[in-house]
Amino acid sequence: MIIEPRMRGFICTTSHPKGCEQNVKNQIEYIKSKGPIAGAKKVLVIGASTGFGLASRITSAFGSDAATIGVFFEKAPSEGKTASPGWYNSAAFENEAQKAGLYAKSVNGDAFSNEIKKQTLDLIKADLGQVDLVIYSLASPVRMHPVTGVLHRSVLKPIGSTFTNKTVDFHSGKVSEISIEPCNEEEIANTVAVMGGEDWGMWIDALKAENLLAPGATTVAYSYIGPSLTEAVYRKGTIGRAKDHLEATAFAITDSLADIDGKAFVSVNKALVTQASSAIPVIPLYISLLYKIMKEEGIHEGCIEQIQRLYQERLFTGKKIPTDEKGRIRIDDLEMRPDVQEKVAKLWIDAVTENLSKIGDLEGYRKDFYNLFGFDVDGVNYKADTNEVVNIESIG
């Protein structure tokens, strides 16, 4: 079939297998071009199919020759219906890993559930024995609690007062004002239940109980802080409370792994175009202005560049991992440079529909968004007939 992007609000409901495949190959080539990383050799990535999780799996495999198991929840294709992009990404990754003689298997299902945890632990037991790195990169808006059976839904809301600021519809380029009403206590609790550190802790506890963590094992979860421009709706809002919980969980996990000399870290990463960030008011406008400045300064990074630098310059240097005063790894250092943030703040004041295409990088934002779904990827013939049914070998 000829596959074209179909939009519904901020989500693309189709994805392109060849575009996703090319995207994965491009990331692999980038990692190979940067040289080997003396990293972990047996890696579990929870949330492995898109964004930072996919970049982590690629960096582990093609930077450190690691065996990888990836856990994700993606929609398989059927005749006449495309898969979700993460499915195609994972199929392409497994193909490339196999060609390179690297072990790569995947588990598809709800990572919050006890069933998927058990399936993953059984696979590690059977094939790898133990893992020495666990990446936690889940980005889900809902979580069915495996103990209580309660379905928790996260919300993106400010705490205490209404938030009003500019945002942009990145499809039309229209800049407008948006107001978001404050949350209640139940919404905070639900957001923490979905996006906080409880499930990360459950994964590590389960792995440790079965002796599946190697001595000195490291686990890393991903977070975001961002600028003062977005803090009322992000870091000081409901999601911020969840991120605070995630960061506190890192210390609790480190304590629980003391007997195997294991450590847990939260890595604070840069603002990037993801399916999740596209739906957050204010963030697309901020990112389009940020991209413009960082590209002009020659310091722009996508997911793969961020994770390569995280591995090469922070996690696997052979020295103590550098952290900030709250124990977090900061790979958002270039985004948060005072000169960069000062320029963004100035552009923010001036940003209107009429000038955004000049003062911001809306085109770069759009391209990155479509790339997430395998569209607008250089070198792909989108007029060609494409087979939408692609299998992931380890899943069948």
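The values are calculated or read from the model by the stated rules, or taken from the named source; none is laboratory data. Model, not experiment: these values are computed from the prediction. So basically every Cβ, Gly included, is an ideal-geometry build from the backbone, and we count neighbours across all protein chains shown. To get the accessible areas, we keep the full protein, side chains included, count just its heavy atoms, and leave off ligands, DNA and RNA. Shrake-Rupley method; radii C 1.70, N 1.55, O 1.52, S 1.80 Å.
Scanning the range 169-185 for any residue that is over 21 Å from Ile283 (Cα atoms) and free of Cβ contacts under 8 Å to residues at least 12 places away in the same chain turns up at least one such residue. Residues in the range 202-222 that are open to solvent by less than 10 Å² (accessible area, probe 1.4 Å) and either under 24 Å from Leu272 (Cα atoms) or in a helix (DSSP H, G or I) (or both): Trp203, Ile204, Leu207, Thr219, Val220, Ala221. Looking at the structure I just gave you, is Ile225 among the aliphatic types (A, V, I, L, M), within 29 Å of Leu213 (Cβ to Cβ), modelled with pLDDT under 95 and not in a helix (DSSP H, G or I)? Criteria met by Ile225. Take Tyr286 and tell me if it is aromatic (Phe, Trp, Tyr), buried (at least 21 other Cβ atoms within 10 Å of the Cβ) and over 27 Å from Glu29 (Cβ atoms). So Tyr286 fits the description; yes. With the structure loaded, tell me whether Lys346 is out of contact with any strand residue (DSSP E or B) (no Cβ under 7 Å at 6 or more places or on another chain), of a type in the set (Lys, Arg) and in contact (Cβ under 8 Å) with a residue 40 or more places away in the chain or whether it fails that test. Taking the combined requirement at face value, the residue does not satisfy it.
All conditions but one from (1) touching a strand residue (DSSP E or B) at 6+ places or on another chain (Cβ under 6 Å); (2) surrounded by fewer than 18 Cβ atoms within 10 Å (Cβ to Cβ) apply to Ala66; the one that does not is (2). When the range 84-129 is filtered for residues that are of a type in the set (Ser, Thr, Tyr) and either at pLDDT below 95 or assigned to a loop (DSSP other than H, G, I, E, B) (or both), the ones remaining, listed by number, are Ser84, Tyr103, Ser113.
If you check Thr274, Thr317 for being of a type in the set (Val, Ile, Thr), under 28 Å from Lys32 (Cα atoms) and surrounded by fewer than 18 Cβ atoms within 10 Å (Cβ to Cβ), only one passes: Thr317. The residues in the range 1-25 that are touching a residue at least 24 places away in the same chain (Cβ under 8 Å) and not in a loop (DSSP other than H, G, I, E, B) can be counted, and the count is 12.
If the condition is being out of contact with any Asp or Glu (no Cβ under 9 Å at 6 or more places or on another chain) and either closer than 24 Å to Ala111 by Cα or not in a loop (DSSP other than H, G, I, E, B) (or both), then the range 26-51 contributes Gln27, Glu29, Ile31, Lys32, Ser33, Leu44, Val45, Gly47, Ala48, Gly51.
Scanning the range 314-337 finds no residues that are outside any loop (DSSP other than H, G, I, E, B), polar (S, T, N, Q), out of contact with any Ser or Thr (no Cβ under 7 Å at 6 or more places or on another chain) and modelled with pLDDT of 95 or more.
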